[in-house]
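Down below is the structure, laid out as structure tokens.
The values are calculated or read from the model by the stated rules, or taken from the named source; none is laboratory data. Quick caveat: nothing in here was measured; it's all calculated off a predicted structure. Note that each Cβ is placed from the backbone with ideal geometry, even for glycine, and that neighbours are counted across all protein chains shown. Keep in mind that these areas ignore ligands, DNA and RNA; they rest on the heavy atoms of the full protein, side chains included. Shrake-Rupley method; radii C 1.70, N 1.55, O 1.52, S 1.80 Å.
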Amino acid sequence: MSRLDRLRTLLAEHHLDAILLHNGENRTYLTGFTGSAGVALITARESLLLVDFRYVEQAAVEAPGWEIVKVPRQATDIVTEIVRGRELRRVGFESDGLTYKQYDELGTALRPAELVPVTGVDRLRWVKDGDELARIRKAVAIADAGFAHVQGYLRPGIREREVALELEFYMRRHGADKEAFDTIVASGVRSSLPHGRATEKVLAPGEFVTLDFGAVVRGYHSDCTRTVVLGDPSPRHREIYDLVLAAQRAALAGIRPGVSAKDADAMARRVITEAGHGDHFGHGLGHGVGLAIHEGPTLSPREDATLEAGMVVTVEPGVYLPGWGGVRIEDLVIITPDGCEDLTTAPKHLIEL
Ligand code: ZN
Ligand code: ZN
């Protein structure tokens, strides 16, 4: 089924006459249009893409098959006109795609038509097709090459920000459209910060350095974390690193279609909890990656979704000890018919620099 046909099954499920897409990734996924503003309006028969002056030409090229409607920056009046003209009564919108103000204004303007919150549009993006996988593979390869490059640059005496910049510059030089998110470089005691952005801190001997980074290739992201040690690791460094690696390997060995996201999380969490560090692994095991860096399915104790072939998720256990440091190891995998394919090729033994 085409992406549009799959979206239309949501129309039927929710008894809708139309659905409005405001979320940028959903809009891009359905239409192909990559601009940063616009609204897609889909009925059983029509597919309209409403964009302002800045994007009319681009939309016509990127979204063939869609009727392009030029609208002012604030499209409420035109949406209302379309809804009235076609006598649409139930109009769906993404419940997480509008601000309260937008919802209030649009809801009032559309009356007597009813705005109906819809969840599950994002869900259409969870299983990737071949073209999406090719872009993700390329984004992973660029980031892996970036990591190999930056190992020759990481040494005591340089700043976290210089490391991040070197890695980002390399990835851009080698085909990344941009970095997937603000690069994380967290060294020493800062490595216990799961999302410690690169700072002015100078790297020192005997420290862990956690790097979390990714590339974007034609809209699709990659996501990788590696933790290295500067100089000789202490027994504690080894103990914590080996524990996180064992947890990741347990999950990678068990992840396959039919496993629930919460059970996938538990495969790694069990290993860490049995070693007495359950409280030091405070985030989920992973998340989907695609047009967004964080999308579904989330691998966490609270997620009921079931894994399916073609989903792309991170597997990223971590142990964080406040005041000492932490380790996270993150790979990106495709769920395959009988397991998972680990896309990340960056080495996973404890690298000593
Ligand atoms: Zn990451
Ligand atoms: Zn991640």
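With unit charges on the beta carbons (Lys and Arg positive, Asp and Glu negative) and the dipole taken about the Cα centre of region 3-125, which residue among Leu7, Gly24, Gly107 sits farthest to the positive side?
Leu7
Assuming R0 = 30 Å, what is the FRET efficiency of Asp338 and Gln102, from their Cβ-Cβ distance, to the nearest 0.05?
About 0.10, to the nearest 0.05.
What number, rounded to the nearest 500 deg cm²/dmol, is the helix-based mean residue ellipticity at 222 nm of the chain, given -39500 (n - 2.57) per DSSP H run of at least four residues and division by all its residues?
-10500 deg cm²/dmol
From the square roots a ≥ b ≥ c of the eigenvalues of the alpha-carbon gyration tensor of region 3-125, which class results: rounded (a/c under 1.5), prolate (a/b over b/c), or oblate? It would help to have the intermediate numbers written out before the result.
On the way: a/c = 1.44, a/b = 1.15, b/c = 1.25.
Here region 3-125 falls in the rounded category.
Taking the Cα centre of the chain as origin, work out the dipole magnitude from +1 charges on Lys and Arg Cβ and -1 charges on Asp and Glu Cβ, in debye rounded to 20. Don't skip to the end; give the middle numbers.
On the way: 41 positive and 51 negative charges, 54 e Å.
Approximately 260 debye in magnitude.
Rounded to whole Å, give me the distance from the Cα center of region 1-51 to that of region 202-219.
Computed from Cα coordinates, the inter-centre distance equals 37 Å.
Calculate the FRET efficiency for His349 and Thr80 from the Cβ-Cβ distance with a Förster distance of 56 Å, rounded to the nearest 0.05.
Working: r = 61 Å, r/R0 = 1.08.
Approximately 0.40, to the nearest 0.05.
Which listed residue (Trp324, Val271, Gly310) has the Cα farthest towards the positive end of the charge dipole for region 248-353, taking +1 on Lys and Arg C-beta and -1 on Asp and Glu C-beta about the Cα centre?
Positive-end residue among those listed: Trp324.
From the phi angles alone, apply the Karplus equation (6.51, -1.76, 1.60; θ = phi - 60°) to region 330-336 and give each ³J(HN,Hα) in whole Hz, x where the residue is Gly or Pro.
10, 10, 10, 10, 9, 6, 10
Can you grab the distance from the C-alpha centre of region 57-98 to the C-alpha centre of region 235-250, Å, no decimals?
If we compute the Cα centre of each part, the gap is 51 Å.
Give the Debye-formula value of log10 I(q)/I(0) at each listed q (0.17 Å⁻¹), with one equal scatterer per alpha carbon of region 90-151, two decimals each.
-0.71
How big is the dipole moment of region 64-210 about its Cα centre under a simple scheme where the beta carbon of each Lys and Arg is +1, that of each Asp and Glu is -1, and everything else is neutral? Debye, nearest 20, please.
Working: 23 positive and 23 negative charges, 19 e Å.
Taking the Cα centre of region 64-210 as origin, the dipole is about 100 debye.
Which three extents, in angstrom, do the Cα atoms of region 54-105 have along their principal axes, listed largest first?
In descending order, the Cα extents are 32, 25, 19 Å.
Counting only protein heavy atoms, what percent of the accessible surface of the chain is carbon or sulfur at a 1.4 Å probe? Please list the in-between numbers first.
On the way: 7980 of 15500 Å².
The value for the chain is 51 percent carbon and sulfur by accessible area.
Nearest 10 degrees, 0 to 90: what angle lies between the long axis of helix 261-274 and the longest principal axis of the chain (Cα atoms)?
Approximately 20 degrees, to the nearest 10.
So for region 245-353, what percent of the C-alpha to C-alpha distances run longer than 17 Å? Before the final figure, lay out each step's value.
Details: 2963 of 5886 pairs.
Pairs farther apart than 17 Å: 50 percent.
For region 147-191, just say rounded, prolate or oblate: build the C-alpha gyration tensor, square-root its eigenvalues into a ≥ b ≥ c, call rounded for a/c under 1.5, and beyond that prolate if a/b exceeds b/c, oblate if not.
Working: a/c = 2.64, a/b = 1.57, b/c = 1.68.
Judged from the Cα gyration tensor, region 147-191 comes out oblate (a/c at least 1.5, b/c at or above a/b).
If the only charges are +1 at each Lys and Arg Cβ and -1 at each Asp and Glu Cβ, what is the size of the charge dipole of region 243-320 around the Cα centre, to the nearest 20 debye? Walk me through the numbers before you get to the answer.
Numbers: 6 positive and 9 negative charges, 36 e Å.
So the magnitude is around 180 debye.
So what is the accessible area of the chain per residue, in Å², with the probe set to 1.4 Å?
Details: 15500 Å² over 353 residues.
Ligands and nucleic acids excluded, the figure is 44 Å² per residue.
When averaged across all projection directions, what area in nm² does the alpha-carbon convex hull of region 130-342 cover?
10.7 nm²
Assuming 0.36 nm per residue, please report the length gained on full extension of the stretch Ser234 to Ala148 beyond their Cα-Cα distance.
On the way: separation 86, 0.36 × 86 = 30.96 nm, distance 2.36 nm.
Residue separation times 0.36 nm, minus the Cα-Cα distance, leaves 28.6 nm.
Which entries of Lys128/Lys348; Lys70/Lys178; Lys178/Lys201; Lys101/Lys138; Lys128/Lys201; Lys178/Lys348 show an alpha-carbon separation above 32 angstrom in the structure shown?
On the way: Lys128/Lys348 26 Å; Lys70/Lys178 29 Å; Lys178/Lys201 24 Å; Lys101/Lys138 39 Å; Lys128/Lys201 39 Å; Lys178/Lys348 25 Å.
Where the Cα-Cα span goes over 32 Å, the pairs concerned are Lys101/Lys138; Lys128/Lys201.
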